[in-house]
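I have placed the structure first, in the form of structure tokens, so that the comments after it can refer back to it.
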Amino acid sequence: MDNLPEAVEEVLARLEAAGYEAWCVGGAVRDLLLGRTPGDWDVTTDAEPEAALALFAPNALPTGLKHGTVTVKSGGQGVEVTTFRRDGDYLDGRHPEHVTFTRSLREDLARRDFTVNAIAMDRRGALADPFRGREDLAAGVLRAVGEPEKRFQEDALRILRGLRFASRLGFAVELGTAEALRRCAPLLGRIAPERIHAELTGILCGDHVLEVLLAYPDVLGVFLPEILPCVGFDQRSVYHCYDVWEHTARAVAASPPVPEVRYALLLHDLGKPGTFSLDGEGRGHFYGHWRRSTALADGILERLRFDNQSRRTILTLVERHDCELALSERAVRRALARYGEGTLRLLLAVKRADNLAQAEPYRGRQRLLDQWEDLLSLVLEQGACFSLRQLAVKGGDLTALGLEGPAVGRALEGLLELVLDEKLPNDRAMLLEYAKEKLL
């Protein structure tokens, strides 16, 4: 079949030539049928692992013999080849205790999560679809294979996988599957934070994240209880036509699918319910909500095992999402000095999406953000100095003048401040002359 990568075609052909069944299965088949570009390709076969190892030696590795998986190196690509199997009991709510190999493709497909992932395809393009996954693909429906509650009890991570597929593909979760998903949501407490983090990132960065966030805050609230007070919380503000949670969901969806940006928007208003007050005219205010949002976000990021760099960036975006940006070159240079270009551009994306999720008459800040972004590009094109790395004078220059120890760092910071305020140009000779006269 023309759509198959050469490495996958070769693996299928060799298995068939040796007398075995061989099928592509899972997400690659689903994506191919949807007209999307598949990622990883998985092959399933009735060849037992030892037979597959022998057939593909010396280019096969026993990467998961316990569960029947061999990784075949073909054409510089790794293809996972797994024996048809039935799964044993899932005592830990995540992995089967044992597997039993079978000669039946249908039995192998019956253990999979959703019907759209339980379609197999051979190298000629013929399909095996015992659970009518193609019909669900055509209808845009996510339906569990067999009894949905059993599927989620076996492996609770399937709950978040289902939401990730819904966010990525725009599919609706079939009613019975959705009901079971909600009933089984408390089982997410068994899942490692790292796995929740990975699936949540996939959910947030999907094209259809809005529908998922609005439909399933109760499920997400199992591991993000901080979001639950936001659901249905009336902001009592002319600036907002949505409750706190719907505003959050719409802000996430209005932003580019950059993980740091979408996490910042998910977390940026968590502090609103805890800082709410009404004025004498019945208008709602959330004074200092950014401070409480940042504290709550910090706890979540730590709990979900974020790396330090991502954590710092997201917390900066949450803390500064509501800050005012003066429209001047000086303000731009100072913002560049404070955040760096990368984080500053992320902050502009956060502010833009936050504004788009407000009441329509108050979305006019988009023009101001456009102007600010144009000014940022102009300042960068001009080669403006906004960091010590760009400063024309280095520590060694000041040491040569006679400064020592911490005084060198303080002097460099002082010179940078003068350049940022345009009181001195970023010129080495003039900066050194100033240092001789004023700093020695």
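A few remarks follow.
- Around the Cα centre of the chain, unit charges on the Cβ atoms of Lys, Arg, Asp and Glu (plus for the first two, minus for the last two) sum to a dipole of about 660 debye.
- Structural size metrics of the chain, computed from C-alpha coordinates, are Rg and Dmax of 28.1, 88 Å.
- Cα-centre dipole for region 1-66 with unit charges at Cβ (Lys and Arg positive, Asp and Glu negative), debye to 20: 200
- Charges were assigned to the Cβ only: +1 to each Lys and Arg, -1 to each Asp and Glu. The resulting dipole of region 201-281 about its Cα centre is roughly 140 debye.
- When the Gaussian network model of the chain links Cα atoms closer than 10 Å, the mean-square fluctuations of Leu157, Leu424, Leu315 top out at Leu424.
- Using alpha carbons only, the radius of gyration of region 133-244 set against its Kirkwood radius gives Rg/Rh = 1.00.
- With all protein chains modelled, accessible area of His67 [1.4 Å, Å²]: 50
- Selection from Gly342, Leu420, Gly396 lying farthest towards where the dipole of region 302-440 points positive, charges on Cβ: Gly342
- 0 to 90° range, to nearest 10: angle between helix 308-320 axis and the chain longest Cα axis: 60
- Positive end of the dipole of region 164-221 (Cβ unit charges, origin at the Cα centre): among Cys184, Leu214, Ser167, the Cα lying farthest that way belongs to Cys184.
- Choice from Leu228, Leu142, Leu418 with maximal GNM fluctuation in the chain (Cα, 10 Å cutoff): Leu418
- Spread over its residues, the convex hull of the C-alpha atoms of region 167-322 is 112 Å³ per residue.
- Pairwise Lys count, the chain - Cα closer than 17 Å, eight or more residues apart or different chains: 5
- Pairs of alpha carbons in region 340-440 separated by more than 19 Å make up 55% of all such pairs.
- With contacts taken as Cα pairs under 8 Å at a separation of at least 6 residues, region 197-356 carries a relative contact order of 22 percent.
- Principal-axis analysis of the Cα atoms of the chain puts helix 244-254 at an angle of about 80° to the longest axis.
- Residues Tyr287, Tyr239, Tyr339, sorted by accessible area with the largest first, give Tyr287, Tyr239, Tyr339 [1.4 Å probe; ligands and nucleic acids excluded].
- Cα-derived Rg to Rh of region 115-160, Kirkwood definition: 1.04
- Cα-Cα separations in region 1-142 greater than 23 Å, expressed as whole percent: 32
- Per residue accessible area in Å² of the chain, where ligands, DNA and RNA are left out and the probe is 1.4 Å: 46
The values are calculated or read from the model by the stated rules, or taken from the named source; none is laboratory data. Remember, predicted model here, so these are calculated numbers, not experimental data. Reconstructed Cβ throughout: ideal geometry from the backbone, glycine too, with neighbour counts over all protein chains shown. We work out accessible area using only protein heavy atoms, side chains counted, and drop any ligands, DNA or RNA first. Shrake-Rupley method; radii C 1.70, N 1.55, O 1.52, S 1.80 Å.
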